[in-house]
Every structure is written in C-alpha cells, then in structure tokens.
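Taking it in order: structure first as structure tokens, then the write-up.
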Amino acid sequence: MIELNDIEKAYRTERIETIALQSIQLKIHKGQFVSIMGPSGCGKSTLLNILGLLDKPSKGNYLLDGQAVNQLPSKKSAQTRNQKIGFIFQSFHLIPDLNVMDNVEIPLLYRGVGRQERMRLVAEALDRVQLSARVHHYPNQLSGGQQQRVAIARAIVGKPELLLADEPTGNLDSHMGNEVMDILKELNRDHQTTIVMVTHDEHQAKKTDAILRLFDGRLVA
Amino acid sequence: MHSFKLLLKVLARRKFFTLVNLFGISFTLMVLLVGTTLFENFLFPRGPEKRSDLMLVAQRLEMTNDDNTTTWTSDAGYYFLDRFVRPMKTPHKFAIMGNATTVMNYQSGAKVELAMRPADGNIWDILDYQFLAGGPFSEAQNQAAAQVAIVSRGTAETVFGTDQVLGKSLEINGLVYEVIGVVQNVSRLESRAYGEVWVPINSLKDQSFKDKIVDDFLGFFLAEKASDLPLIKDEYDEVIKNVVFPDPSFTVLRGGADNKIEMMARSVFGGYEKETQAGQLLGVILGLVLLFMTLPAINLMNLNTSRIMERSSEIGVRKAFGATTWDLMKQLLRENLLLTTLGGLVGLLLAVLVLSLIASSQIFPYFEWHLNFRVFLAGFFLVCVFGLYSGLYPAFNMSRLEVVSSLKRRAL
C-alpha cells in the first residue's frame, strides 16, 4: 500500500537548513493499523503530511498503491487525496459555519457526487460513528468527542483506502479517546482500511498492529 | 446552495463590517447605474431625437482669417447652413434650427421664461416631436414669415393654465404668435431638440443673422440609412473647405458633422477637425468608472483577505479533502459575486429612488428615465466586473496558502 524509499525532508532558509526527516524507509501493507510515536519535533507530523500528499519530500520516492506520487502536480495530488485518503486532525478542523451534514459531505463535493447520493453516503458515515441524530447540529453544539466523530465521518465518507490520523485523541479525555479508538479499530477490522496514526499516547498506540518510533527525523524502530 | 449558505454565515460573522462594505458596493453601483441610465437616455433618446442613429448635426465651427490673427469659434451661422449646406446631395433630409434663447412672457400675470427655438419647416421631418394637438408649421409658412408658434405642453399649462391652446395668441419679444400646435414636453437631456416654444426662423423681428457664417444655429441631417452617414460627413467636409466667405478677410473654416457621442467628445476635448475624439472619450469614461470602483473594490479586497486568514483552516481542510486551487478560487469568486449581486440589487433599488428624485426635481426639466434591458444588462455587467475585480486578488492569495500551514492556524 505504502512504500517510502530514502525519504528526506529539509526546510531551507537563507541561513539555516533544518532536516525534518532523513533516510526514511518504510512499508505499510494494506489493512495495517500503524502508529507513529516520538518526542515533539521529531518529524511525526511531517511524515504524516508527506504520506497524505499535503507536503512533498525533498528527496526520495513515495509509492502509493504502486504509483509514484511524490512529485505529482498539485491537481493530480488533490485528486489522489480526494479518492484515496482520509484525514483526521487533532483539533478536528470542522467548519464552524456548516452543520454536520455539510461538513461531512465536503470530500464528496470535490468528487462531483450528486446530492441524493451524497445524502446517502453521509447518512451511512454518520451511522457508523453513531451520530445520525446530529445531522443538523453545528460543531459548537457538540462535545469534543462528538466533533471528532464527525471528523471521522468526514474522513471515511468517500470510503478511502488510507486513513491518516494526526493525534486523533490528543484533545479528548480518556473515555472519549477510547471511543474514537474503538471506531478506528472497527474501521480497520471491518473494512480493511489502512490507518496511520500519529500519537503521544502509548496506551492507544499499543492497540495498533505496529508502532514506528521516530527520533530526530529518523525511524528508530 | 452550499456556497450560498456558507456566504450568509461568513457575512453574518462580522455584521458591522459587512454592512459597511455592502453599503460601499451598493452606493458605488447606485452611482454607476444612475450614470449609466443618464448616459443611455442621452445616447438613445426616446423623445424627438429618437432617430439619433441616423442623425448628424453641424454645430461647432472655427473661422480663421488669412494671416491667422483672428479666429472666431461659434455655432454655425444661418448663411453658411442655408447657402452651402442645404444644397448637399447625400443627406436624405436637412433642417435648420437656432439654439434656444430665453424669451419673456407676461401673459399669465407673472414673468415666464421660455426657451425659444427658431426653426425652418423641415425640422419636423427630422425630429419626432410628439404633437398632442394641432400640427407643425410648414416650410411655406416659414418662407411667408407666418406668426405661428408650436408650444410644449408645459408652456401651454404655465402660460395659459390649460392645454387647450390652439388658436390662442402668444406674445414673444413684442410679436404676437398664433399657437397652432402643442407638443409633448422635451427632456433637457435631448439638448439638440429641447425647447418650449418653436417659431419660424423668418418670423423673427431681427433678421440680421441671415448673412453670418458663424452664429447660433444648428444644421440637422437625417440619413436614409446608417451607411450614408460617412458620406454625409465627407460631403460636409468638402462644403466646409469650399465655402465662400462674405467677408473675404476670412479664408479657413473648420468643423464636422457629429452624432451625439461625437458632439459630446467635441465639447469635452474641443477641436474642429472632421473627426472627433469619441474613442478617447469612451476610454476616459471607462477609466473613470474603473477608478470610481477602485475604492470600494479595495475595501472588499481587504475584507476578503482578512476573512481568508480567518478561514485558513477551512481552506486547509478543503484542500486536504481534494479541493484544487481552481475549486477554491471558484468558491471565493462565487461568494464574492453573490455579495456584489446582493449589493447590486440594493444599488438598483437606490438607483430607482435617485432617478425618481432627479425626475421630480427639475435638474433636467421634463426628464423621463427608463431602466430598460440595456441599462439592466450594463448594470449586471458592472456588478460582475466589480465582483471579479475585487475577488480575484484575494482568491489568488487564498489559493496559494499551503495546506500544512493553513491547518496549523487555529483561527476558526
């Protein structure tokens, strides 16, 4: 599913060069649930952004489903994100001016899905995160856990093969965090969705198939 | 729908700011719509000048003596028009009418000022004055210096207190005229046809105008078809070059036969060449319109830019889930066009209000305005230009935001 060869990411300014990632070799198979751990600033989010085509590596190759994607033109990478990848962020990033339904349907809008079909898929996704009763609520009318579940519904509404989660439980208490992890586990188990999750929480990481540890931009385990 | 709902929400977030901007847009578009309507009514009149597309007018002239020491600029003189222009072959019809002069009338017991136009009997074939009663005087009556007058409805009501005035006597400059026709009031915007009383040229007491090359008269040409207009201009140019001056010290005459926009260009830029700077005039007008739009457009750009910063997280999310740069630009332009259309609608209402006020005040006497399809189309075009003008830069800025950095901003 995912193959990274010798990936490097450097941020250059006139005076200094900061290496965020170096010599990353990584294979993640379809249907795996992998967590990435490491201290702050070790490059976890950078790696996730590269995996999600939100950022480009400075060097190296990235194969997604056997296709080289590290230097795709922006339109193509937008298309690939839309078709294959779903994102879950630590701070949810729901659009406050839109209700739950309108937030969840966003990926489908850029896929040109008709209104009827969108409503059906949104209902299905909300059902999976048990929020069907909240379709017309706005984000500020929901608890943190519910907001994250809406964000998950948005991430899975287009049935992506790969789900990238950046500290999905980081802003939640342990009870809500467990709920969110249960949903992710279920998605992974029932739909063979590949999931890569960045986390600081050892307890949650232990629930995944494998833990990758990053230190100073290098994979150490 | 998605976009419309979102726009309303985004606008409602900063109500005061939005209101100020909406006011700016509405006010700008209102002024532009009023301007467009006046301009449209000027260029495409519905009154006596309704055949403007087939009309040319010989008006401004410049006469210079042989050693270039004396230059005389004025409107055309009767002698020039009657003797040299009237025999022209290319015009379908030709008529002479003097500029409006203010005359006094005391018949109603109060002093009434009237705009009087001395005309020949052919003017009625070129200008479509709408007769409410009676009819025009003929060229034969003009030749016979008949003391007959045509009055506008407004004049009839002011002087006689009624519009049943046929056969009544009207005193002008110590002469008594018999009213033989009443015409619909003429808007001041139709400056070439405007008047309140029309009398035969030959009936004027002082006939000293008859030997003048430059004076206070206009020559009206009517072409049979639009393709004849350049031929008339060419022939008029020949006539001007070959004029024989009664005063032999003058040798050069310059001027041109103009349509409405050319006449306006000549009065703005001056010049007595055959060709006017009508193109430049339209350019200047367009430039002024753009300049006038600039301030509210910059305001809107600022508002948009600050909103984009507030919405950077939304933009990040949309990009992450597959929106292309073009998708996002379209979204913002659509939102902006919706906002400007909203402002345009309010502007349209304001324009109707202002035009009614202009019509009921007497800034342009007898001005009747029409918001027709052409004005509406022009207004819609202006709204679109404004929407794109003010939206493109912020949209471009927005589309360049990097997903990662826009998601890091937490300003949702």
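The values are calculated or read from the model by the stated rules, or taken from the named source; none is laboratory data. For clarity, every value in this text was computed on a predicted model and none was experimentally measured. As a convention, Cβ positions derive from the backbone with ideal geometry for all residues, glycine included, and neighbour counts pool all protein chains shown. To get the accessible areas, we keep the full protein, side chains included, count just its heavy atoms, and leave off ligands, DNA and RNA. Shrake-Rupley method; radii C 1.70, N 1.55, O 1.52, S 1.80 Å.
Okay, here's what the table says:
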| quantity | calculated |
| --- | --- |
| Relative compactness, chain A, computed as alpha-carbon Rg over 2.2 N^0.38 Å | 1.01 |
| In Å, descending, principal axis extents of the Cα set of segment B:71-248 | 51, 37, 30 |
| Dipole-positive endmost among B:Val199, B:Val151, B:Phe381 within the protein assembly as shown (Cβ charges, Cα centre) | B:Phe381 |
| Loop-resident sites, segment B:214-263, for trypsin sites (Lys or Arg not before Pro), counting at most 10 other Cβ within 10 Å (DSSP) | B:Lys225 |
| Pairwise FRET efficiency - B:Phe17 versus A:Ala68, Cβ, R0 = 51 Å, nearest 0.05 | 0.60 |
| Rounded FRET efficiency, nearest 0.05, which uses the C-beta distance separating A:Lys75 from A:Arg218 and R0 of 41 Å | 0.80 |
| Assigned charges on the beta-carbon of Lys, Arg, Asp, Glu; segment B:71-248 dipole about Cα centre (debye) | 120 |
| With all protein chains modelled, accessible area of B:Val34 [1.4 Å, Å²] | 10 |
| Surface per residue (accessible, 1.4 Å probe) for segment B:71-248, Å² | 42 |
| Base-10 log of normalised Debye intensity for the protein assembly as shown (one unit scatterer per alpha-carbon) at q = 0.11 Å⁻¹ | -1.02 |
| Prolate/oblate/rounded call for segment A:52-168, Cα gyration tensor, a/c under 1.5 rounded | prolate |
| Fraction in percent of alpha-carbon pairs per bin - 20 Å, chain B | 23, 40, 24, 12, 1 |
| Listed residues B:Met398, B:Met263 arranged by accessible area, highest first, probe 1.4 Å | B:Met263, B:Met398 |
| Solvent-accessible surface (1.4 angstrom probe) belonging to A:His191, in square angstrom, nearest 10 | 100 |
| Cβ-placed point charges (K, R +1; D, E -1), dipole of chain B about Cα centre in debye, nearest 20 | 3080 |
| Segment B:239-370 - Rg (one decimal) and Dmax (whole number), Cα, Å | 26.0, 87 |
| Selection from B:Phe44, B:Gln59, B:Val20, by position along the positive dipole direction of segment B:16-83 (Cβ) | B:Val20 |
| Distance between modelled label sites at B:Glu171 and A:Lys27, nm, 7 Å Cα→Cβ extension | 11.7 |
| Per-residue SASA entry for A:Arg189, accessible area with 1.4 Å probe, Å² rounded to 10 | 150 |
| FRET efficiency, B:Ser208 to B:Val268 (Cβ-Cβ, R0 25 Å, nearest 0.05) | 0.20 |
| Extreme residue, positive dipole direction of chain B, given options B:Gly219, B:Leu8, B:Val346 (C-beta unit charges) | B:Leu8 |
| Inverse mean reciprocal Cα-Cα distance (Kirkwood Rh) of segment B:45-121, Å | 15.7 |
| 0 to 90° range, to nearest 10: angle between helix B:229-241 axis and chain B longest Cα axis | 50 |
| Using alpha carbons only: equivalent-ellipsoid semi-axes of segment A:100-167, gyration tensor based, whole Å | 18, 15, 10 |
| Residue order for B:Phe321, B:Phe381 - accessible surface, 1.4 angstrom probe, largest first | B:Phe381, B:Phe321 |
| Helix axis angle, B:278-310 relative to chain B longest principal axis, alpha carbon, degrees | 20 |
| Structure-based [θ]222 nm, chain B - -39500 (n - 2.57) summed over DSSP H runs of at least 4, per residue, nearest 500 | -15000 deg cm²/dmol |
| Solvent-accessible area buried by pairing A with B, both sides, nearest 100 square angstrom, 1.4 angstrom probe | 2200 |
| Where the Cα pairs of segment B:11-63 fall when distances are cut into 5 Å bins, in % | 5, 15, 12, 12, 11, 10, 9, 7, 6, 5, 4, 2, 1, 0 |
